[in-house]
Amino acid sequence: MASTSVRIDTVTKRYGDSIAVDGVSLAIAKGEFFTLLGSSGCGKTTLLRIVAGFLKQTGGRVLFGDTCIDDLAPQHRNTGMVFQSYAIFPHLSVVDNIAYGLRARGLKAAEIKRKVDTYLELTRLSHLGHRKPRELSGGQQQRVVLARAMVIEPDVLLMDEPLSNLDTEMRIHLRTEIRALQRKIGVTTIYVTHDQEEALLMSDRIAVMRGGRLEQVASPHDIYNRPATRFVASFIGENNFLPAVHRGEAGPGHVRLELPGGQFTAKLRGDLPAGALEAAFRPQDIELCPPDGGGDGLVGTLADIQFLGGTVRYAVDLGGGHLVQVAGSNRSGVALPAIGTRYRLGVSPAAIALFAPEVA
Amino acid sequence: MSALTDTAGPPRRGGLARHLGFWPVVTAIVFVLIAGLLLLPVANIVGVSLSAGAKTGGVFENYVSFFSERFYYQTLLNSFWVSFWPMVFAVCLGVPAAYFVNRYEIWGRGFVRAAVVLTFVSPPFIGSYSWVVLFGRSGVLTQFFSSLGIPLPSIYGAPGIIFVFTLQFFPFVFLLVSSGLKSIDQSVEDAARNLGSSEFRTFRTAIAPLLVPSITTGALLVFIASFTDLGTPIILGERFRVLPVLIYGEFVNEFGGRPVLASALSVLLLLVTTAALLLQRWLSARFSHATAAIRPLQVQEQPLGKRIAATAFVFLLIGFALLPLANIVVSSFLKSNGPVLVASFTLDNYARIMDRLALPLWNTLFYTTVATLLCALVGTAVAYIIVRRPGPVSSLLDTAVMFSYAVPGIVLGVGLVVTYHEPPFALTGTAAILILAYFIRRLPFSVRSSVSMLQQISRDTEDASINLGAGPGRTFLRITVPLLATAILSGALLTWSNTIRELSATLILQSGTTATVAIEIFNEVVNGNFGVASALGTVLILLTFLPLVVLFTLLGKKEEALV
Ligand SMILES: Nc1ncnc2c1ncn2[C@@H]1O[C@H](COP(=O)(O)OP(=O)(O)OP(=O)(O)O)[C@@H](O)[C@H]1O
Ligand SMILES: [Mg+2]
């Protein structure tokens, strides 16, 4: 049995009065690298542990392929889990750690050795096979538990923030490695993280979670460029939010908006939300233009400049307490503008997203 | 999946555990063991104690007669008397001693700690008879002083018992207060001193209140140990009778004891110890401040005078506490003529115990080892259930295990005899009943040791094993047990050293062929063969102390682990 598709069908998990996972439904394709992304406490681990069988959901079903696995004990689910805390077996050598699941399955010694060797090589641990975990670095330990989870050829690979205990350099290095390995093996993977960069870089699809619910399920590109909710727009990447008032249509699928400091035309992505509006646009989608050049745009004063080397960040004050962040690049031979310069901010209609404002 | 052939899913094995689940089956087994060895015997004692009057309609007949006959209720009062005073004295001596050892730069601190441990683990009845050798009617020191014309107070009766209990049991207070002091942060003292408080005032107002749980726990443990001890009052009591002696007398009386009365007395004893333990729990919870010291109280520099005075106090106390032990070791190498020792070196005593010791020594080692292994096995499983499978059954187990602390050895002995003297479970007089008694009495050591370690081990490691396809049983054996190895080992060492010197339950349960070294010593003492008793006592002290040496040196445990 190789990898399988996973279906999560309106799964709910309650702890007393509080609700950790709230009616989540997902269909994950065979071989897909699927990421659960959300801030701390949003229910990612809970959902993952329900799939692994360590927690029993309060409602809903989990299916592997067409088989409902709710009554299957965790040791019979054939999932490979990588824990945030590594959960390496400290008393076993690297080889014994990796062979653990194969031995539990009663494989023959020769076969175990062959498989363990394969994965030692894949995770580049061959020279460390006989070390004890305490003699390994964090990154090496993480590769051991990865090999340990993959060598059993699980139907589904489950990873709970596997990189969060590592330093930045190791994290950047390992995330590419994990993704390459997953592609090679082709195992369906559910990956949990609160690091959006990790999620965007590694995933085939991302589910953004919040308070136990799904906000949006989409490809990294769509999650970033077409956030479905205001939460996703603010959670993924950076966004400027400004109150907007609808001032009528502007051609098919376009609306006129009045914002602090001026007017915009925005391309509608779906239905126009009823009631009050908020317009969102990303710092890198804004062009700084001369104030009197005509055309659409918000007019404001340059209030602050942050020089970051390759990029430069400008804060433009539109008055009334509204600041807009603008990202520009630093080109040789172009001088930085002076604070106090007036600008008109130009944004293409397609770069503007409209949401109903968040009710606090 | 091209390069790698498919692996079959994890195996599913058959068997009972597969159908019911591994842990439910283990829980049931453990529960039956504890119920059968602890709860049932206790219930039976209560039943028997009420049975005599059942015919006449007065189920409390035994209790009524107990409280109306002076001979009986005086015994209860006596028991309180010789438990209350050791409790008071142990606090008065143990608290300052612990404070000085932990706070002052006294000399020989390591020696003092070792001496306290040695006192603590040495069998109380050995200490008592050693005092008799020194201060008894024909005691070495009694005669020496009377030749100088100085009459010494009698070691017999209540004062002697109180004296011996105090010296024997003050380590409870010492060890608990020592660990209490280690959990107080230096900043507490610094703040008080900074506000202009003197050292004594600081202790009284800032430190002592934080020590209340340690002191009360220590005090009540002294009380319980004194209240339930059987050996010392037999040896020193003479006509001064306490409750355990009365129970023992009524139960094993060769001229027809009264097991019903013995049961009623056992119930009384159990009520007192249970009440004391509940009081201790309540006090600890009520006064606990749950502080974790970032920088524990430091050793302070003191003026030389204070340093000398503190050292003198501690060494005087330790000297008295060690005297009986030193006396035993020394007199085991002396020629003896009955109770009279002669000052010339000999190995006669050891030669004499050689042939006589063979069976009891073998018995002792065998029973202790089997009971220790059982404790380690069952105790680890119980700890797992308590920590990892919380729920009503688990807390019931927890309570039952803690209850076994409250059941005195003699009460357990009576209960087991009452429960298992008839077929199909006619176990009285067998080795099995001794082993089972030791097992259930010392189970809390293993449970406690594994519980505290298990609470520190992340559940993820075990979950990872389950996730990789190992069932709960395999996970327990391959992952949990190895991770708990040091805790299991230290629990086992404590069990061993506490079991090997067990006297009161053994006195009730042994049958001549199942006598242990402790019983043999006891018999020799009662017969006045002090030389032989000393040689046996030295062997027993060694057997008790050796595992602790391993515990402290190899496992790096602190003495506080003992209480
Ligand atoms: N055993 C429990 N009892 C009660 N509430 C719980 C329990 N376990 C988790 N929760 C709650 O459920 C919610 C989701 O927890 P979960 O561990 O799934 O979060 P998470 O998304 O993994 O967060 P993190 O990124 O911090 O790991 C949290 O609010 C948590 O407090
Ligand atoms: Mg989590």
inquiry  = From the phi angles alone, apply the Karplus equation (6.51, -1.76, 1.60; θ = phi - 60°) to the stretch A:327-333 and give each ³J(HN,Hα) in whole Hz, x where the residue is Gly or Pro.
reply    = 9, x, 10, 9, 9, 4, x
request  = List, largest first, the extents of the alpha carbons of the protein assembly as shown along their principal axes, each in whole Å.
outcome  = 123, 72, 66
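Hydropathy first: keep DSSP H helices in chain B averaging at least 0.5 on Kyte-Doolittle, then drop any whose Cα extent along the axis falls short of 30 Å, and list what survives.
B:70-103, B:157-182, B:259-287, B:304-331, B:348-388, B:431-454, B:530-553
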inquiry  = Can you tell me which lysines have their Cα less than 27 Å from the Cα of A:LYS108? Leave out same-chain residues fewer than eight positions away.
reply    = A:LYS132, A:LYS184
query = Helix A:168-185: angle to the longest alpha-carbon principal axis of chain A, degrees 0 to 90, nearest 10?
reply = 60 degrees
note = With Rg from the Cα atoms and Rh as the Kirkwood inverse mean 1/r over Cα pairs, the stretch A:187-279 has an Rg/Rh of 1.05
request  = Please report, in debye to the nearest 20, how large the charge dipole of chain B is about its Cα centre when each Lys and Arg carries +1 at its beta carbon and each Asp and Glu carries -1 there.
outcome  = 600 debye
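Just the Kirkwood number for the stretch B:121-183, please: inverse of mean 1/r across all distinct Cα pairs, in Å, one decimal.
13.3 Å
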remark   = Taking every residue of A:71-81, the Cβ atoms of other protein chains inside 10 Å of its Cβ average out to 6
key: For q = 0.11 Å⁻¹, Debye-computed log10 I/I(0) when each Cα of the stretch B:144-283 counts as one equal scatterer   = -0.63
query = Near the amide H of A:GLU215, under 5 Å away, which other amide H atoms are found, from residues 5 or more places off or on another chain, if H is placed in the peptide plane?
reply = A:VAL208, A:MET209, A:ARG210
task = In Å³ and rounded to a whole number, note down the convex hull volume per residue for the Cα atoms of chain B.
result = 215 Å³
inquiry  = Placing +1 on the Cβ of each Lys and Arg and -1 on the Cβ of each Asp and Glu in the stretch A:6-233, which of A:SER85, A:GLY59, A:VAL24 has its Cα farthest towards the positive end of the resulting dipole?
reply    = A:SER85
Rounded to 10°, Cα long-axis angle of helix A:138-151 versus longest principal axis of chain A = 60 degrees
Most fluctuating residue given options A:ALA29, A:ALA233, A:ALA109, as computed from a GNM of chain A linking Cα atoms under 10 Å = A:ALA109
ask   = Using the Cβ atoms and a cut-off under 15 Å, what net charge is assigned to the surroundings of A:GLY60, where Lys and Arg are +1 and Asp and Glu are -1?
value = +3
task = For every other residue with a beta carbon closer than 11 angstrom to the beta carbon of A:LEU128, add +1 if it is Lys or Arg and -1 if Asp or Glu, then tell me the sum.
result = +3
task = Indicate, rounded to the nearest 5 percent, the antiparallel portion of the DSSP beta bridges found entirely in the protein assembly as shown.
result = 75 percent
ask   = What shape does the stretch B:304-423 take by its C-alpha gyration tensor, where a ≥ b ≥ c are the square roots of the eigenvalues and a/c under 1.5 counts as rounded, a/b above b/c as prolate, and the rest as oblate?
value = oblate
request  = Would you please give the residues with an amide H less than 5 Å from that of B:SER336, counting only those at least 5 places away or on a separate chain, with H modeled from the backbone geometry?
outcome  = B:VAL342
inquiry  = Let's test this: bin the Cα-Cα distances of the stretch A:238-355 at 10 Å from zero up to the farthest pair and state each bin's percent.
reply    = 14, 46, 29, 10, 1
request  = On a 0 to 90° scale, report how tilted helix A:109-122 is relative to the longest principal axis of chain A, with both axes built from alpha carbons and the result rounded to the nearest 10.
outcome  = 20 degrees
key: Cα gyration tensor shape for the stretch B:243-393, rounded if a/c is under 1.5, else prolate or oblate   = oblate
key: Relative contact order of chain B, pairs being alpha-carbon contacts under 8 Å that are 6 or more residues apart, as %   = 21 percent
Global size of the stretch A:6-233 as Cα Rg and Dmax, reported in angstrom = 17.5, 55
task = Assuming a ≥ b ≥ c are the square roots of the Cα gyration tensor eigenvalues, decide whether the stretch A:288-360 counts as rounded (a/c under 1.5), prolate (otherwise, with a/b larger than b/c) or oblate.
result = prolate
ask   = Summing Lys, Arg as +1 and Asp, Glu as -1, what charge do residues with Cβ under 14 Å from the Cβ of B:GLN300 carry, B:GLN300 excluded?
value = +1
task = List the pair-distance distribution P(r) of the stretch B:57-117, using every Cα-Cα distance, as the percent of pairs falling in each 10 Å bin from 0 up to the bin containing the longest distance, rounded to whole percents.
result = 18, 26, 19, 15, 14, 7, 1
query = Mind checking the dipole of the stretch A:238-355: about its Cα centre, +1 per Lys or Arg Cβ, -1 per Asp or Glu Cβ, Debye to the nearest 20?
reply = 180 debye
task = Scan around B:GLN300 for amide H atoms under 5 Å from its own, H built in the peptide plane at 1.01 Å from N, and keep only partners 5 or more places away or cross-chain.
result = B:TYR104, B:GLU105
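Every number here is computed from the coordinates shown, using simple stated rules; none is lab data. Nothing here was measured: the structure is a model prediction, and the numbers come from that model. Cβ atoms come from the backbone with ideal geometry, glycine included; neighbour counts cover every protein chain shown.
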